[in-house]
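Only the coordinates and a few stated rules stand behind these numbers; no lab work does. None of these values were measured; they are calculated from a predicted model. Neighbour counts are summed over all protein chains in view; Cβ atoms, including those assigned to glycine, are modelled from backbone coordinates with ideal geometry.
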Amino acid sequence: MNPFSDATELPDDFDGDVRLFPLPGLVMFPHAMQPLHVFEPRYVEMLRESLATDQLITMATLIDQHTTPAESPPRVSPIVCVGKIVSHAELDDDRHNVLLVGVRRARIRREMETTQSFRTAQVDLIDDFYMPAATSKRSELKRRLLTAFGKIIPPKVGSHQMLHDLMAGQMGVGPITDIIAYMMPFPLADKLQLLEMSDVDGRAEYLIELLNHSDIDLQSVSVSEQKIDLQEESSHRPDRNSFPPPFSAN
């Protein structure tokens, strides 16, 4: 049973209006879990509004960080992921630890003018599409995907058992594809392409190609080292010894 099943549904009254949390170097996917450390005042304001209403925050990939304060806000990819807060802990100095689960793909229709300190937008949801003709081949597609993934993950204790459990379990091709795509250190362009694709089988095939042909070496890199440090990402990767990090420009 999925402990976050209630969190992976949008509210019945969802109207496409979202709060944007832009970060460089991060592409969020449905079904993935993303920790956030929120400390900038505008994002604390966003978080408080979210907690008081629908618990939604939409993660956007920052693709242009070189604007000046007098110019327009830095550009974000139009393909985003609507996320929902599943855990929140308030710390000292108005800092917050948040755990977000990806809920739905979406495309920004337009950003909205607002008096709030954070960016907002109207989005159109991107629905997953399963080709009916491919239903009988989906189990084989799942096997090929997990086999390709198994070839590049470090052979640590439990990894083969994890793959066996995924193969035998009820998790479908769509969620597995999203979780692997989120985990892997692919170029942003490839991740955004995977996020944009509504055809689940086509998305899995594209991911298999990336796994089979990308120059990925996870053998000497731990999973914890691969994870994005959002304290750094949200402040343009300052020196690791710099804390607190400076405010970001997004």
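Details
- The residues packed around F29, meaning those with a beta-carbon under 13 Å from its beta-carbon, carry a net charge of 0 if Lys and Arg are +1 and Asp and Glu are -1.
- Where a label projected 7 Å from the Cα of L163 along Cα→Cβ would reach, residues of segment 178-212 with amide N under 13 Å: 212
- Potential extension, D64-T120 segment - 0.36 nm per residue separation minus Cα distance: 18.4 nm
- Highest-first arrangement of 20-30, 202-212, where packing means the average Cβ count within 10 Å: 20-30, 202-212
- Listed peptides 143-152, 130-139 appear in the order 143-152, 130-139 once ranked by packing, highest mean of other Cβ atoms within 10 Å at the front.
- Projected label distance in nm at H88 and S72, using a 7 Å step from Cα toward the beta-carbon: 3.1 nm
- Using a Förster distance of 22 Å, the FRET efficiency for E45-L188 (Cβ separation, nearest 0.05): 0.20
- Length added when fully stretched, A133-M33, from 0.36 nm per residue minus Cα-Cα: 32.9 nm
- Residues in segment 28-66 that a label on R95 would reach, taking backbone N under 12 Å of a point 7 Å out along Cα→Cβ: 37-40
- Here the simple spin-label model places points 7 Å from the Cα toward Cβ, and for H213 and K151 these points are separated by 1.3 nm.
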